[in-house]
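Structure first, then comments.
Computed from the coordinates by the stated procedures, all read-outs in this text should not be read as laboratory data. This one's a predicted model, so the numbers in the text were calculated from it and none came from an experiment. Positions of Cβ are backbone-derived with ideal geometry, glycine not excepted, and every protein chain shown enters the neighbour counts.
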Amino acid sequence: MRHVLLAIAIAAAAALATAFIENEFYLRLLFMVCVYFLCAAGMNVLLGFAGQKSLGQAGLFAAGAYGAALLTTRYDLDPWLAFGLSAVIAGLCGVLIALPSLRVKGPSLAMVTLAFGLVVEKLVSQASDTFGGAMGIYAIKPLAFGETPFTMAQWVWFGIALALVTHLVLRNLLVGRFGRAFASLREDEIAAASVGVAVYRTKVLAFVIAAVTCGLAGALVAQQNQYINSDFISFNLSIFILLLVLFGGSGSLAGPLIGAVLLVGLNALLARWSWIEHFAHGALLLLALYAMPRGVAGLLLDLARRLMPAAPEAADAAAPLLPVRAQAPGAGALLEARDICKAYGGVVPARDVSVSLTRGHIHALIGPNGAGKTTFINMLTGIVVPDSGTIRFCGDDLKGQAVHAVAASGVVRTFQNLRLFKQLSVRDNVLLGAHARMENGFLASLLGLPSARRAEAQAMARADGILAFTGLARVAQETAGSLAYGLQRRLELARALAAEPVLLLLDEPAAGLNPHETAELGALLVRIRDQGITILLIEHHMDLVMTICDHVIVLDYGEKIAEGPPAQVKHDPRVIEAYLGTEDTQEDAGVPPDEVEPAPSSSHGGARYGALRAAEGF
Amino acid sequence: MASAYLQIILSGLSVGGVYALVAFSFSITFTTTKTLNFSQGEVVGFGAFVGVAVLSLLGISALAAPGITEGLGYLAALVGAGAVMGAVGVLLFLLAVRPFTGKPGMNWVMSTIGFGIILQSLGLAIWGPAPVMVASPFGSDVIRIGDAGIRPQEILIFVCVIGLVVVLDLVYRRTTFGKVMRAVAFDPDAASLMGIDIRKVMVLTFAFSCALAGVSGVLLAPIASASLFMGMGVALKSFSGAMIGGLNNPRGCIYGGFMLGLLETSVAFWQAQWREIVVFLLIILVLAFRPNGLFGGTVAEKV
């Protein structure tokens, strides 16, 4: 609430100041601050939160500006209606740029946005029949009260009001479910999908938000000037919009305002020397990236933190029960995988693997390195699509479903090499786990409706319950990446639990833990199982597997070689052979000659160090 | 009609040659450092002006008639632009790339753009915004082949590019340095464990990449006239060529560059003003079906 009041106070102060300014030049500056604030506010969602580098925002500015221009001149629409429609046009262009992001990522996507900006620049300067080229379009209808067009002061007031509304609705969005989803894209897309964030859709949404605010800014400029030409649209504008966010404070709510005020001021000072202005933009861009990755807002925030340290979190309360998804009590197996095959050329991580998981059991998936265990989990969660076979979960077909849809249906995993959202807080990581379980939609979140607030509050309470259950409540405010390794492992488990899994898939949850931590983990897993959550874990710690598991499945070179209760499996001759090799080949470094090639997982060096651990466990 | 096709092929191959060089320059930094210079276009434009500066230092007027001195002067301009832009490449790597390599967030995309803006504004301060005409050392009389025509500079570009490409390919495949570059591209960690100074390799790669871009600028100047703004379109089309060929594949990039040149001249023959727009739309289509390019292998992220 303090934030909202502060924002309103700043806007009111600016509006009051406007009433006393008579100099047209200063009014124009204020107006441009509003225009660039709008561009930056949307760009901050795209760049600062979702982490997508768009280098073609000028094209979206153009979409709004030319949209308003053509609608009021060629089609003689009402200026207010044209203003609204131009935002829609820009939003559609935003979808257009976001489409390639389904297939291309990283630098290539950045180049695509750059190309989009350039195409629009060429279009408006060369297709002069429609867009007027360098001559431009005159007599654009300005916004007006009845018949009287806005005065300059009224334009500034309108700009301030629009900026305030934009800021407040974007804030509603960013502090909750959608803000976290955007940030998860910036951090790790695979992990985001695995907790149920619809990666592509969320990315498109971020592009559209940036496009709409940029389009509004363009329409504002076109209708205020009553004129637009191709000189407005240049690569420099795209870079300036990028700079507004980076310099002001990328990923901070105050960043766009700080950036807009400082940079519009700087431009006004340097406007006389165009190359120095250009140089300053380049230098500031480098400076912001180098010296202040979170911009001026980040510097101010650090200062504030030093002056007022945050209150410490309460210690772990008594561990409560986990939130559990209501399950239809079904008969038969929870998950039934039949004849799963997968091959990468000569490497075959799955060959006719059939597995059946029983409700309420802890299952273990063991086998030497390169046996295909992680690939199996990847196939269950949709990250890898099997070549053939079927996967049925609670009667539904999982094969071919998107990763986030699998997670939403209750099959949730952790990763062997930890994929936390490292820059986010521990609590936000857990809240992201609950993403697919939250029901507040886009509009409710944007407008801050009571239903959205209720959903946020409930999710917060559930997250705190899970943090207490896993013993992480003390570190709830820390950044995930700053935790000790053992705690990071536990946080991944907590994040998965927040998704209220029906089936929990754990990829080597005890890797790197010491014996004491491993025993703690075992107790925790039993408590989770006792709440009715079925578990499948990949593990090399045989003592852990033998103590807590109800059922063990053994893979070797993509084939299931044994399964059954732990006591039975550990005496199975084929299992002993897979782990230790047979008599006659032991002199030969323990690798049976017929299995020398191919080494299935070269990144592990193909070494069967699991054998040593297995020997300890037996 | 046949002469029209011949014309398209001739012009396409010469402009495609420039794209091939710049596409190759993207590819070598991308394979070794997983980064590339988003302001390669500014390097092309700046390089062209360095070439102009060398010519005027030698007292050769920009509109000189062809001759031996002019030919040697042009050669000096090529070498000068290569050397100066090579040094700029070292600066680029140290200032804008190295601080951000190997970190998440791709901040190097924006820092290389920042570097390019600084470079361009310095160019504007020194030479001003006006484009400069540069004469080809072999004159501007169009050579007729049937009904198709080709300018001597276009032939020169084609010959230079083929020569450079063959040398580069040999260096990349046959020499120790090439092997070192490929090793770093394949696995930097393993390469450094084998005693390869990967930072030195990365610096050299960037120097080399920018030198190639600078040379491309001088090659292009007699056709398109030198301008500090000439590079953006060239760089984008070259990058598109690199994407078609597969950024991870230097040879593919060269093919991709030539293919893009041919594509562009074909579209321009049909509708000149739509050429950029159609070309970029086609690139997006190609990427939709083959995200790693026509000659690029697939790269899967390990989970």
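With contacts taken as Cα pairs under 8 Å at a separation of at least 6 residues, chain A carries a relative contact order of 16 percent. In chain A, the longest principal axis of the Cα atoms and the axis of helix A:235-249 are about 70 degrees apart. Taking amide hydrogens as placed 1.01 Å from N in the peptide plane, the amide H of A:Thr534 sits under 5 Å from those of A:Gly360, A:Leu504, each at least 5 positions away in sequence or on another chain.
Each Lys and Arg adds +1 at its Cβ and each Asp and Glu adds -1 at its Cβ; summed about the Cα centre, chain A shows a dipole of about 1860 debye.
The Cβ shell under 11 Å around B:Thr35 holds other residues with a net charge of +3, Lys and Arg each +1, Asp and Glu each -1. Using a cutoff of 8 angstrom between alpha carbon atoms and counting only pairs six or more residues apart, the relative contact order for region A:102-253 works out to 39 percent.
Length, then width, then depth: along the principal axes, the Cα atoms of region B:46-179 run 55, 42, 30 Å. Each 5 Å bin from zero holds the following percent of Cα-Cα pairs in region A:472-581: 2, 10, 20, 20, 19, 14, 8, 4, 2, 1, 0. Beyond 17 Å, what share of the Cα-Cα pairs of region A:247-300 remains, rounded to the nearest whole percent? Result: 36 percent of Cα pairs exceed 17 Å. The Cα atoms of region A:367-440 give a gyration tensor whose axes a ≥ b ≥ c have a/c of 1.5 or more with a/b no greater than b/c, which makes the shape oblate. Distance between the C-alpha centres of region A:1-68 and region B:70-136: 33 Å, rounded to the whole angstrom. Every Cα-Cα pair in the protein assembly as shown was counted, and those over 44 Å apart are 40% of them.
For region A:2-153, averaging the sequence separation of C-alpha pairs within contact (under 8 Å, six or more residues apart) and dividing by the residue count gives a relative contact order of 26 percent. Near the amide H of A:Ala562, within less than 5 Å, lie the amide hydrogens of A:Val554, all on another chain or at least 5 residues away, with H placed in the peptide plane. Given axes a ≥ b ≥ c from the Cα gyration tensor, I'd like to know whether region A:1-157 is rounded (a/c under 1.5), prolate (a/b larger than b/c) or oblate. Taking the square roots of the gyration eigenvalues as a ≥ b ≥ c, region A:1-157 is oblate.
Local charge sum around A:Gln531 (other residues, Cβ-Cβ under 12 Å, Lys/Arg +1, Asp/Glu -1)? My count for the surroundings of A:Gln531 gives +1. For the residue pairs A:Lys122/B:Lys34; A:Lys53/B:Lys34; A:Lys373/B:Lys103; A:Lys53/B:Lys200; A:Lys342/B:Lys34, the alpha carbons lie more than 21 Å apart in A:Lys122/B:Lys34; A:Lys373/B:Lys103; A:Lys53/B:Lys200; A:Lys342/B:Lys34. Size descriptor for region A:69-209, Kirkwood hydrodynamic radius: 18.1 Å (Cα pairs only, one decimal). With contributions of -39500 (n - 2.57) from each DSSP H run of at least four residues, the per-residue ellipticity at 222 nm computed over the protein assembly as shown stands at -19500 deg cm²/dmol.
Taking 4 °C and 1.567 mPa s as conditions, region B:146-195 diffuses translationally at an estimated 97 µm²/s according to Stokes-Einstein applied to its Kirkwood radius (Cα pairs).
By the Stokes-Einstein formula, at 0.890 mPa s and 25 °C, region B:189-270 with its Kirkwood radius over alpha-carbon pairs has D equal to 167 µm²/s. For B:Val134, nonlocal amide neighbours, meaning residues 5 or more places apart or on other chains whose placed amide H falls under 5 Å from its own, are B:Ser225, B:Ala226. With the simple model of a label 7 Å out from the Cα in the direction of the Cβ, A:Glu520 to B:Thr176 spans 5.3 nm. Across the options B:Thr35, B:Gly102, B:Val286, the greatest Cα extent toward the positive end of the charge dipole of chain B (unit charges at beta carbon of Lys, Arg, Asp, Glu) belongs to B:Gly102.
Between B:Ile162 and A:Leu270, take the C-beta separation as r, use R0 = 56 Å, and let me know the FRET efficiency to the nearest 0.05. About 0.75, to the nearest 0.05. One compactness figure for region A:137-268 is 1.25, namely its Cα radius of gyration divided by 2.2 N^0.38 Å.
Here the Karplus curve 6.51 cos²θ - 1.76 cosθ + 1.60, taken at θ = phi - 60°, turns the phi angles of region A:535-551 into couplings of 10, 10, 10, 8, 8, 9, 6, 5, 4, 5, 4, 5, 7, 9, 8, 8, 7 Hz, with x standing for Gly and Pro.
Per-residue Karplus couplings for region A:359-366, computed as 6.51 cos²θ - 1.76 cosθ + 1.60 with θ equal to phi - 60°, are listed in order as 4, x, 9, 9, 9, 10, 10, 10 Hz, Gly and Pro entered as x. Comparing region A:251-405 with the 2.2 N^0.38 Å rule of thumb, its C-alpha radius of gyration ratio is 1.87 (two decimals). Classify region B:1-70 as rounded, prolate or oblate, taking a ≥ b ≥ c as the square roots of the eigenvalues of its Cα gyration tensor: rounded when a/c is under 1.5, otherwise prolate if a/b is larger than b/c and oblate if not. In terms of gyration-tensor shape, oblate.
One quarter of the convex hull surface built on the alpha carbon atoms of chain B amounts to 16.7 nm², the projected area averaged over directions. Secondary structure note: in chain A, about 60% of the DSSP beta bridges are antiparallel. Counting neighbouring beta carbons within 10 Å and listing from fewest to most, the residues A:Tyr75, A:Tyr557 come out as A:Tyr75, A:Tyr557. Here the convex hull built on the C-alpha positions of region A:205-252 has a volume of 89 cubic angstrom per residue. Distance between the modelled labels on A:Leu303 and A:Asp550, one decimal in nanometres: 6.0 nm (7 Å Cα→Cβ projection).
Listed values for region B:114-120 are Karplus-derived 3J(HN,Hα) couplings in whole Hz (6.51 cos²θ - 1.76 cosθ + 1.60, θ = phi - 60°), namely x, 4, x, 5, 4, 4, 5, and x replaces Gly and Pro. Sorted fewest first by neighbouring Cβ atoms within 10 angstrom, A:Phe116, A:Phe25 come out as A:Phe25, A:Phe116.
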